[in-house]
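Everything on this sheet refers to the single structure shown next.
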Amino acid sequence: MSLDDPKDIVFIEQLQSRIAELEDFQQRLENNAANTVEMAEELAGARDKAEAALRESEKYQREIETLARHDHLTGLANRREFRRAFDDAITLAARQGALVALLLFDLDKFKIINDTYGHPVGDELLKFFAETLNDATRETDTVARLGGDEFAIVLTGLHAAEQSTIVAQRVIAALSQPLVLEKCMLTSGTSVGISVYPKDGQDPEVLLSNGDKALYVAKSNGRGTYQFFDNSLNEKAKQAHIFESDLRMAIVRNEFVLDFQPQHFAGPTARGCAEALVRWRHPVRGLLAPDKFIGTAEDNRLIIDIGRLILAGACRECRKWHDLGHDSLCVAVNISSVQFGEPDFVEVIEKALTDSGLEAKYLELEITESCLMDQSDSVNEKLHQLRSMGVKFAVDDFGTGYSSLAYLKQLPIDKIKIDKLFIDQILSDTDDLAIVDAIIKLGHTLGLEVIAEGVEQKEQAMALYKNGCDAIQGYLISKPMAPDTFLDWLSVQGQTEYDHGLSVPV
Ligand code: C2E
Ligand code: MG
Ligand code: MG
């Protein structure tokens, strides 16, 4: 080929242009390849981000679902989840011909505990209760917090309704022990209402309502019990509602009256004392003893108003004794732990004293061991405040509560009242006599006065005085008396030195 040939020259030029095109094409190809790698990398990054976002949103969704189905404080199923599980359990049981038990619980004194110790302790109690319910059940059972201090368990796979009592008893037993929560020692308790599918209802609504009725009756039967629903409870629950509204009316009309039971002291004493014991003059049912209505009054917190009436009446009556010349007599008034837990308790006492004109040193408040065990700063403070005013304190029903005696040393107590339970068998049971003897010695070591309750026989009184008991109270001295009868009794007995022929060494 000759480069002189013009054709060849054109051909070469064409070739060179073609090469340039190819080089350009190659360059573009290389650029594109680089872009594609970059895009692929970008795509991979975007995909990772999308996957992470998806995982995150799934996590949130799970969290939302958990929150929507569980109670955030206790981690138990909430009301909605409970209903779903309860409905499912019934549907399954209907297919299998099985039983389902619904157990409804509520906590005693939850409001008082919350008010007295604060919400952190209240929350701890709820968490403790949740754990107790979980411990008492199997994985397959549903444990739920329905709200506040209301809890429920759905038990499935039962052969007999009675199997549910094992769970109920376990929970009741766990709650009947003193609890230490956030360094506070306190007592609570629980009652249980039980309804069973299919016997007590075919659908969840009816079973819930019947469980509630059973719970209501369990509470009015006294705390720490369980109650199965049965049809007679419909009537009982109705009666209990009527009773409660009667009690509310009784406060408005002040249908409460006080009887007084004197205490007898072994040696000559500057003062005597009589215990005020409340009775309810029911318009239809006649005179009702305290054990018929104090429990209901405590459950509904009506005891706060009733207690005010009692305190006012007792202080007024004691002032009357003084005006009539029996001017060293004290009055002892029983105080419910519900009353004592009220923030304005000290003011209530001050008002009763001011209104009646009674000096504080003539008022003795009888509180129970459980009330003192619920130790908190506010309990201590109230006791000390009242003590500094001159009010006295007796521990009622001593020996029936808890064996922790530390509080006797720490708190401003004046007197312990040994429960009738120990006195009853004192003549025949050497163990009881030994217990009584030990209580008397313990009381005296701590500088406390010791009185025995429920003394009915002269021999019991003699044994008690022989063992150093300071005073006795019981039918031997007198049954509780209406105010006028008590005044007559006083004038016959003399102010303090009533002697009943108890020729006992003092
Ligand atoms: P308590 O404070 O331990 O009162 C003693 C109870 O034993 C009284 O029963 C009294 O009548 C009874 N009793 C006294 N001596 C004898 C005896 O020798 N033999 C027998 N068998 N019984 C005797 P009551 O009046 O039925 O009171 C029962 C409980 O009700 C009281 O026990 C107290 O815990 C509570 N209560 C009574 N009045 C009030 C009150 O005003 N407020 C509060 N919150 N509770 C009260
Ligand atoms: Mg008493
Ligand atoms: Mg007592």
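When you check ALA101 against the structure, is it part of a strand (DSSP E or B) and out of contact with any Asp or Glu (no Cβ under 8 Å at 6 or more places or on another chain), yes or no? Yes, satisfied.
Pairs meeting the criteria (first residue in the range 315-339 and aromatic (Phe, Trp, Tyr), second residue within 15 Å of ligand 1 (Cβ to nearest atom) and in a helix (DSSP H, G or I), beta carbons under 8 Å, at least 6 apart or on different chains) are lacking. Figure legend. Inter-residue proximity from the range 410-434: first residues free of Cβ contacts under 8 Å to residues at least 24 places away in the same chain, second residues of a type in the set (S, T, N, Q) and within 16 Å of ligand 1 (Cβ to nearest atom), beta-carbon distance below 6 Å, spacing 6+ or different chains. Indicated pairs: ASP432/GLN425.
Out of everything in the range 75-98 that is crowded, with 20+ Cβ neighbours inside 10 Å and farther than 25 Å from LEU125 by Cα, what residue ends up being nearest to the chain's Cα centre (by Cα)? Per the criteria, the residue is PHE86.
If only residues of the range 424-445 that are hydroxyl-bearing (Ser, Thr, Tyr) and either in a helix (DSSP H, G or I) or in contact with a Pro (Cβ under 8 Å, 6 or more places away or on another chain) (or both) are counted, the one that is farthest from ligand 2 (Cβ to nearest atom) is THR430.
Being small (Gly, Ala, Ser), within 28 Å of LEU490 (Cα to Cα), surrounded by fewer than 22 Cβ atoms within 10 Å (Cβ to Cβ) and at pLDDT 95 or above is a property that GLY267 lacks.
For SER370, the requirement of being hydroxyl-bearing (Ser, Thr, Tyr), surrounded by fewer than 21 Cβ atoms within 10 Å (Cβ to Cβ) and within 16 Å of ligand 3 (Cβ to nearest atom) is met. Restricting ALA332, ALA312, ALA297 to residues that are under 13 Å from TYR362 (Cβ atoms), among the hydrophobic types (A, V, I, L, M, F, W, C) and either within 12 Å of ligand 1 (Cβ to nearest atom) or surrounded by fewer than 24 Cβ atoms within 10 Å (Cβ to Cβ) (or both) narrows the list to ALA332. Among the residues of the range 340-397, the one identified as of a type in the set (Phe, Trp, Tyr), away from ligand 2 (no atom under 16 Å from the Cβ) and free of Cβ contacts under 8 Å to residues at least 40 places away in the same chain is PHE345. Pull up the range 271-281, narrow it to residues that are in contact (Cβ under 8 Å) with a residue 40 or more places away in the chain and not in a loop (DSSP other than H, G, I, E, B), then point me to the one that is surrounded by the fewest Cβ atoms within 10 Å (Cβ to Cβ). Taking the candidates together, the pick is LEU277. Residues of the range 330-344 that are more than 16 Å from ligand 3 (Cβ to nearest atom) and at pLDDT 95 or above: CYS330 alone. Evaluation of LEU421 against the conditions (1) in a helix (DSSP H, G or I); (2) surrounded by fewer than 17 Cβ atoms within 10 Å (Cβ to Cβ); (3) away from ligand 1 (no atom under 16 Å from the Cβ) shows that the sole unmet condition is (3). Only one entry in THR165, THR132, THR187, THR142 is more than 21 Å from VAL100 (Cα to Cα), surrounded by 16 or more Cβ atoms within 10 Å (Cβ to Cβ) and assigned by TED's automatic domain parsing to the domain that holds LEU99, namely THR187.
Could you tell me whether GLY341 is outside the structural domain of GLY118 (by TED's automatic domain parsing), over 20 Å from ILE304 (Cα atoms) and either surrounded by fewer than 17 Cβ atoms within 10 Å (Cβ to Cβ) or within 15 Å of ligand 1 (Cβ to nearest atom) (or both)? Even if it seems obvious, please write down each step before you answer.
Values: outside the structural domain of GLY118 (by TED's automatic domain parsing): yes; over 20 Å from ILE304 (Cα atoms): no; either surrounded by fewer than 17 Cβ atoms within 10 Å (Cβ to Cβ) or within 15 Å of ligand 1 (Cβ to nearest atom) (or both): yes.
Answer is no for this residue.
For ILE64, indicate whether it is out of contact with any strand residue (DSSP E or B) (no Cβ under 9 Å at 6 or more places or on another chain) and either among the β-branched types (Val, Ile, Thr) or modelled with pLDDT of 95 or more (or both). Even if it seems obvious, please write down each step before you answer.
Values: out of contact with any strand residue (DSSP E or B) (no Cβ under 9 Å at 6 or more places or on another chain): yes; either among the β-branched types (Val, Ile, Thr) or modelled with pLDDT of 95 or more (or both): yes.
Yes: the conditions hold for ILE64.
Applying the condition of being within 16 Å of ligand 3 (Cβ to nearest atom) and not in a loop (DSSP other than H, G, I, E, B) to the range 446-469 and asking which residue is surrounded by the fewest Cβ atoms within 10 Å (Cβ to Cβ) yields GLU449. Considering every residue within the range 282-299, establish whether at least one is within 20 Å of VAL348 (Cβ to Cβ), part of a helix (DSSP H, G or I) and of a type in the set (Val, Ile, Thr). So far as the range 282-299 goes, yes, one or more of its residues are within 20 Å of VAL348 (Cβ to Cβ), part of a helix (DSSP H, G or I) and of a type in the set (Val, Ile, Thr).
The values are calculated or read from the model by the stated rules, or taken from the named source; none is laboratory data. Predicted model only: the values in this text are computed from it and were never measured. Glycine also receives a Cβ, built like all others from the backbone with ideal geometry; neighbour counts cover every protein chain displayed.
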